[in-house]
Amino acid sequence: MANIKAWLSAARLRTLPLSVSGILVGCFYAFSQGMLNWWILSFALITTLGLQVLSNFANDYGDGVKGTDNDNRIGPQRAIQSGAITVAAMKKGIIITAILTLAAAITLIYLSFGKDNFIYSLFFFFLGLAAIVAAIKYTVGNSAYGYRGLGDLFVFIFFGLVSVLGCYFLFAKTLDVLVILPAIAIGLLSVAVLNLNNMRDQVSDAMSGKNTLVVKLGAKKAKLYHYSVIVIALSLTLLFAILSNFEALQYLFLIAYIPFLIHLKTVVNNKVPKELDPELKKVALSTFLLSVLLCIVLQF
């Protein structure tokens, strides 16, 4: 039982709602246009959850073997850091999760394109491989991009653009210009969660040689960056509603803006990085709430 708890902890269940936010928006936007397919939605969710768990395992492994997860770190203790899971066991967990995720991705591709559209199938297959590699290479290896300040870019691409636009394309086999707006918005809000994490860990990351964007920018500029990505994301979502000719009741999604505004006030007044830790969960769940409300109002 203790081992199961350790693996569940390493999977970081609190990160999962954020990971599916873009998937939901992309799929339900397609649903709103009459392209209903629950199988595609189901396997898109399974694939994304697999990628998120894979990323979490790889992050635990990468930071664990590099010594980045140490007593100076402010956040919760990780599995390898605490000794709850060995390095060898985590490596096996990463391999198994990667294989299962790839299998789910291949199933998703087949459900969407069948035996036709070989070029699309091939493109999405390599996109799936790229997502798996990106999930692992964030902290694993000498060329880990998370240690070079590129984490924000990859999160924006995969949690925003690929997640929303990719899911919509699986249904429509084409792109809709308007859906680019929520894709960018979800991507930026996902970046905000990573930025919070990096603001919390700025000192320990710098000491460990993990040069995140926050370490490169410094605390003051990192805050300005944080305000910017959230305000731009909320503005683009509102623009999406306006250009989509939302009716009055469809603006119900604006309820989700309230926790974001409260969060921004908290960050403005923050002086102790450790106190930012609870904000990660708040921003992640607020992003999930925004995506769910958008899914609902799109069906009106």
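The table for this structure:
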quantity: Percent carbon-and-sulfur accessible area, the chain, ignoring ligands, DNA and RNA, probe 1.4 Å; calculated: 70
quantity: Rg over Rh, two decimals, segment 247-300 (C-alpha only, Kirkwood Rh); calculated: 1.11
quantity: Calculated P(r) of the chain - Cα pairs past 34 Å, %; calculated: 21
quantity: Along principal axes, Cα extents of segment 101-237, largest first, whole Å; calculated: 52, 37, 17
quantity: Positive-pole candidate from Phe125, Phe28, Leu153, dipole of the chain, charges at beta carbon; calculated: Leu153
quantity: Only Lys, Arg (+1) and Asp, Glu (-1) charged, at Cβ; the chain dipole about Cα centre in debye; calculated: 660
quantity: Lysines whose Cα lies under 19 Å from that of Lys92, excluding same-chain neighbours fewer than 8 positions away; calculated: Lys5, Lys66, Lys137
quantity: Dipole-positive endmost among Leu217, Leu100, Leu189 within the chain (Cβ charges, Cα centre); calculated: Leu217
quantity: Per residue convex hull volume, Cα atoms of segment 79-182, in Å³; calculated: 126
quantity: Equivalent ellipsoid semi-axes - Cα gyration tensor, segment 172-300, angstrom; calculated: 31, 16, 11
quantity: GNM top mover of Gly114, Gly64, Gly166 - the chain, alpha-carbon springs below 10 Å; calculated: Gly114
quantity: Per residue solvent-accessible surface (Å²) - the chain, probe of 1.4 Å; calculated: 46
quantity: Whole-number percent relative contact order across segment 62-209, with pairs defined as alpha carbons under 8 Å at least 6 apart; calculated: 26
quantity: Proximal lysines relative to Lys265, as straight alpha-carbon distance under 21 Å, when same-chain residues fewer than 8 apart are discounted; calculated: Lys220, Lys221, Lys223, Lys274, Lys281, Lys282
quantity: Ser42-Tyr145 FRET efficiency (beta carbon distance; Förster radius 41 Å; 0.05 resolution); calculated: 0.85
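The values are calculated or read from the model by the stated rules, or taken from the named source; none is laboratory data. Here the structure is a predicted model, which means the values were calculated and not measured. Cβ: placed from backbone, ideal geometry, glycine included. Neighbour counts: every protein chain shown. What goes into the accessible areas is simple: the full protein's heavy atoms, side chains included, and nothing from ligands, DNA or RNA. Shrake-Rupley method; radii C 1.70, N 1.55, O 1.52, S 1.80 Å.
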